[in-house]
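Worksheet for the structure shown next.
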Amino acid sequence: MVEVRARRVSTPLTGWRAHLAAIRPDADPVEADWWDTSWETPTPAAVGFLVPAGFEAYARVLHPAHDRHRDAVRWSTVAEECGTVLHAEAQWHALAGRRSSREHSPPPTGTGWPGNEPDVGCLDRTSLEALADVLARHTTTAVTTYVAFWVGYGLWPDAWSDAPTTARPVREAYLFQRPLDEVATLCAEAPAVALALGTPTGSAVVWSTDGRSWVPTPDEQFTTWASLQWQSPSAWWPADRAWATSNDTDLDSTLVGGSRALVADLLGDDRLEALPWPVDGSLWSGADTINR
C-alpha cells in the first residue's frame, strides 16, 4: 500500500475528461512491420535489436540524472564528480560509482554519485520536446508520425484490451498516428485515460492530510493526478521513415537512427545530452569496459 500526501483540487472541465476518455490506439499495427528488430541473438548490439538497422548514423540521447532535490543533472556532471568517463557505451551504474546495475540507491558516503539515477523507460517532457524540434527538421512527413507505447507499462485502461497491438518494435505495443507537433500532448494524455474513465490501475492508495487518511475515489484520483501523467514513446517514426527512436522500458537513454545531418543536429543541441552511437554498440549492463 502506498501512502500519498495530497490535497483536494477542483474538478477539471468535464470536456477535458471526455476528451481523454475518447483516446484509444488508432493506427494500423502493420505500420510497424518495417522494423527489422529481433530478439533472436542472446546479447545483440542495439542497432538491429532496439532500433532498425540501415540508417546513416545513430545517436544516444541520455535521460537526465537527478540530484537529491530531483533537479535534472547531466551525465557529464556525474562523471566529473565521480572521476569516471562519459563515453558512448557508458553504463549509469559504472559511471555513478555503483557496484552493479542492480544497485539503484545512492552509496552511503564518500564514493559515487549521491543523487538519483536517470528515469528508465521514459524521457522527460523537456527533453522530448527538444528532441521533437530537431526531428521535425529531418522528415518530409511531420504531419504523420507513428507512436508506439509498450503495453506492459501498467498505465493503460481496460477499455483498450481489445485494441490491436503491434508485434514490433521489439515489444508488443499500442500504436497511435499523430502529427509530430502533437506527440508530446499524446504522451501526457494517453497515460491519463484510465484515470478519466474512473478505472485507475496500480497499487492500492491511501491519502493522508490534516491527520485524516482515506482511500481516494476514482474522481479524486483523476482530479489530482490526470494533469501530472507522462510517458514518452517506446518507439516513434514518421511515415517517410526518415528516422526512428527507441526507448526500451529498461533503458536510461533513447536511441535515434537517421541521417548524418540529423545526428549532427542532435549532438549540437544544448538542450539535449546526446552521444554518437556506434552501429555495433551495446547497452547491456556489462558494455562499459572503461568505468570499472
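The values are calculated or read from the model by the stated rules, or taken from the named source; none is laboratory data. Remember, predicted model here, so these are calculated numbers, not experimental data. Cβ coordinates were reconstructed from backbone atoms using ideal geometry, including for glycine residues, and neighbour counts include every protein chain displayed. All accessible areas refer to the heavy atoms of the entire protein, side chains included, with ligands and DNA or RNA removed. Shrake-Rupley method; radii C 1.70, N 1.55, O 1.52, S 1.80 Å.
For V279 and R212, what is the calculated FRET efficiency with R₀ set at 45 Å and r taken between the beta-carbons, to the nearest 0.05?
Details: r = 58 Å, r/R0 = 1.28.
The value I calculate is 0.20.
A88 to R68: FRET efficiency via 1/(1 + (r/R0)^6), r the Cβ-Cβ distance, R0 45 Å, to the nearest 0.05?
On the way: r = 28 Å, r/R0 = 0.62.
According to the calculation, E is roughly 0.95.
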Over the chain, calculate the relative contact order: mean separation of alpha carbon pairs under 8 Å at least 6 apart, over the residue count, as a percent.
33
Cβ-based net charge around P29, under 15 Å, with every Lys or Arg adding one and every Asp or Glu removing one
-3
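Between beta-carbons, use under 15 Å as the cut-off and find the net charge around S234, counting Lys and Arg +1, Asp and Glu -1.
Details: positive: R168, R171, R178; negative: E31, D119, E172, D248, D250, D252.
With Lys, Arg at +1 and Asp, Glu at -1, the neighbours total -3.
Taking every DSSP beta bridge that has both residues in the chain, what percent is antiparallel when rounded to the nearest 5? Please list the in-between numbers first.
On the way: 31 of 36 bridges.
Here the antiparallel bridges make up roughly 85 percent for the chain.
Tell me, what does the Kirkwood hydrodynamic radius of the range 207-292 come to in angstroms if you use every pair of distinct C-alpha atoms?
Working: mean 1/r = 0.0585 Å⁻¹.
Radius from the Kirkwood sum: 17.1 Å.
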Rounded to the nearest Å, the spacing of the alpha-carbon centers of the range 118-136 and the range 172-231 is 20
So, how do all the Cα-to-Cα distances of the range 169-261 break down into 5 Å bins, in percent, from 0 on up?
2, 11, 17, 18, 16, 12, 9, 7, 4, 2, 1, 0
For H66, what is the net charge nearby, where nearby means another residue's Cβ is under 9 Å from its Cβ and Lys, Arg count +1, Asp, Glu -1?
-2
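With a 1.4 Å probe and all protein chains in place, put F55, F49 in order of accessible area, largest first. Please report the intermediate quantities before stating the final value.
Values: F55 35, F49 15 Å².
Order by accessible area, largest first: F55, F49.
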